[in-house]
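The block underneath contains the structure these notes are about, expressed in structure tokens.
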Amino acid sequence: MRKFDAIIIGFGKGGKTLAGALAAAGKSAAVVEQSEQMYGGTCINKACIPTKSLVHSAALSAAEGGTFVEKAHRYQQAVEAKDLLTSMLRGKNYHKLADNPNITVIDGYGSFISPNRIAVESGDRREEIEAEQIFINTGARPFVPQIPGLKDSKYFYLSESLLDLKTLPRRMVIIGGGYIGMEFASMYANFGSQITVIQDGETFLPREDAEIARAVLDSLESRGVHILRSARTEQILDTDECAVITVSTGSGRLKLQADAILVATGRRPNVEGLNLDAAGVELTSRGAIKTDEHLRTTASNIWAMGDVAGGLQFTYISLDDYRIIKSQVLGDGSRTASNRGAVPYSVFLDPPFSRVGMTESEAREKGYDIRIAKLPASAIPKAQILQQPTGLLKAVIDEKTGRILGAHLFCEESYEMINIIKLAIDSGIPYTVLRDNIYTHPTMSEALNDLFHI
């Protein structure tokens, strides 16, 4: 039986980065990954990188226009380009670890035998390995609702499998009105598909500021995306030509035809088969691995990071989880999940939407006396240059201190701008600093001069 200083289950962002840090510190590390198609983690292979590659290609295709046949050809080329990109990154990530003399990459499915021992199985091969410290980085998987006929449909896709579809669907139905569903709706609308979104709730993007959500909805609908709210998918039946989806709404039942059905109803922590009971690792009520602020599980020598730990499902959170764990095992232990600061996020619509901090209603509910700053994207010169004047920028400011409580940017390049505001929030910088700062011109960032000129 091989013994290591550390075992990392999963080749995700946090795990692979931790393996490198442990190796640099002279420790031996085994990285267990069940699929050679997942070297580098979900972000590189099935999420952030491939989707953003297609988002970019979709925007270029929309600007070019043309017939559906021409759009379908460009779509196929975009998928091929995406595949080349992910393949390159997957190989680069594999060799970054496998070529390190202190790191051993082991292919197979890992499960606990005890708090210090892991069984790795791949086909007929089974091996047991042991380490004093074990780190779980197995990510999350899509949740599939129980809809009659769904799993048997040849037109059914998850976000991961849809990325490999080589033929552009004329008609796509998306079950789920959350962030993943909206990103795919925007992307495929730009490629030229007819999009219908089935959302069970009445409120569109209920966690977001109402004005911003309205602006996003108007933008999607202006590009032909049809969103059915307070709707429920009852049944799916395949025909030779398409899938027929029966949907119930407040006004009755209707039938939709689709060449592809995307199910985007959320993701769940990937814990099945790990045999966590054997290690004394407990789960939360939501099925994630229970951790403290140092990301230590209920077993003292085992940590969890990334999506499987139940936090925000972003690759940069997995990376920050690595920093927290590194602080525990190689540093002074000062970094924790409670002091990582405000967490920004972006939804890569067209234009993209980015947010950090509180909404207007959340700030009022918490008792803040607030000021609101708003700016239409059409007032930004760079937005006009980019021919993307759609959108709205909004910020929430504490009247008493002048500090920024939250920002909501629905505009081109918002995914870059939001990081500036995150730094201001974490540093306690008043809005006047961003208002009076010198920015290069013409840029989207200089819109902060006008947004905060309240």
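Checked against (1) touching a residue at least 24 places away in the same chain (Cβ under 8 Å); (2) within 26 Å of the chain's Cα centre (by Cα); (3) closer than 26 Å to residue 61 by Cβ, residue 221 passes all but a single condition, namely (1).
Go through region 345-454 and tell me which helices (runs of 4 or more DSSP H), entirely inside it, have 1 or more residues that are touching a helix residue (DSSP H, G or I) at 6+ places or on another chain (Cβ under 9 Å), free of Cβ contacts under 8 Å to residues at least 24 places away in the same chain and of a type in the set (A, V, I, L, M). Full working, then the answer.
Values: elements: 360-365, 381-385, 414-427, 431-436, 447-451.
Those helices (runs of 4 or more DSSP H) span 414-427, 431-436.
Candidates in region 78-106 are the residues that are under 24 Å from the mean Cα position of the chain (by Cα) and either of a type in the set (S, T, N, Q) or not assigned by TED's automatic domain parsing to the domain that holds residue 50 (or both); of these, the one that is nearest to residue 169 (Cα to Cα) is 86.
From 404, 380, which residue is within 26 Å of residue 339 (Cα to Cα) and of a type in the set (A, V, I, L, M, F, W, C)?
Details: 380 fails: within 26 Å of residue 339 (Cα to Cα).
Sole residue among the options that is within 26 Å of residue 339 (Cα to Cα) and of a type in the set (A, V, I, L, M, F, W, C): 404.
No other residue among 382, 394 is modelled with pLDDT of 95 or more and under 14 Å from residue 209 (Cα atoms) apart from 394. Only one entry of 67, 104, 51 meets the criterion of being exposed (fewer than 15 other Cβ atoms within 10 Å of the Cβ) and of a type in the set (Val, Ile, Thr), and that entry is 67. Being in contact with a helix residue (DSSP H, G or I) (Cβ under 8 Å, 6 or more places away or on another chain), in a strand (DSSP E or B) and hydrophobic (A, V, I, L, M, F, W, C) is the requirement here; does residue 262 meet it? Judged against the criteria, residue 262 is a match. Of 239, 246, 291, all but one fail to be crowded, with 19+ Cβ neighbours inside 10 Å and either in contact with a Lys or Arg (Cβ under 6 Å, 6 or more places away or on another chain) or among the polar types (S, T, N, Q) (or both); the exception is 291. Summed over region 233-246, the residues that are in a strand (DSSP E or B) and either of a type in the set (Lys, Arg) or over 14 Å from residue 263 (Cα atoms) (or both) give a count of 4.
Filter region 213-232 for residues that are surrounded by 16 or more Cβ atoms within 10 Å (Cβ to Cβ), closer than 23 Å to residue 255 by Cα and of a type in the set (Gly, Ala, Ser) and give the result. Matches in region 213-232: 231 only.
To keep it simple, each residue is scored yes or no on (1) more than 23 Å from the chain's Cα centre (by Cα); (2) crowded, with 23+ Cβ neighbours inside 10 Å.
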{"residue": "144", "(1), (2)": "no, no"}
{"residue": "152", "(1), (2)": "yes, no"}
{"residue": "161", "(1), (2)": "no, no"}
{"residue": "167", "(1), (2)": "yes, no"}
{"residue": "172", "(1), (2)": "no, yes"}
{"residue": "176", "(1), (2)": "no, yes"}
{"residue": "183", "(1), (2)": "no, yes"}
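The values are calculated or read from the model by the stated rules, or taken from the named source; none is laboratory data. These numbers were taken from a predicted model, which means no experiment stands behind them. Glycine gets a Cβ as well: all are built from the backbone with ideal geometry, and neighbour counts include every protein chain shown.
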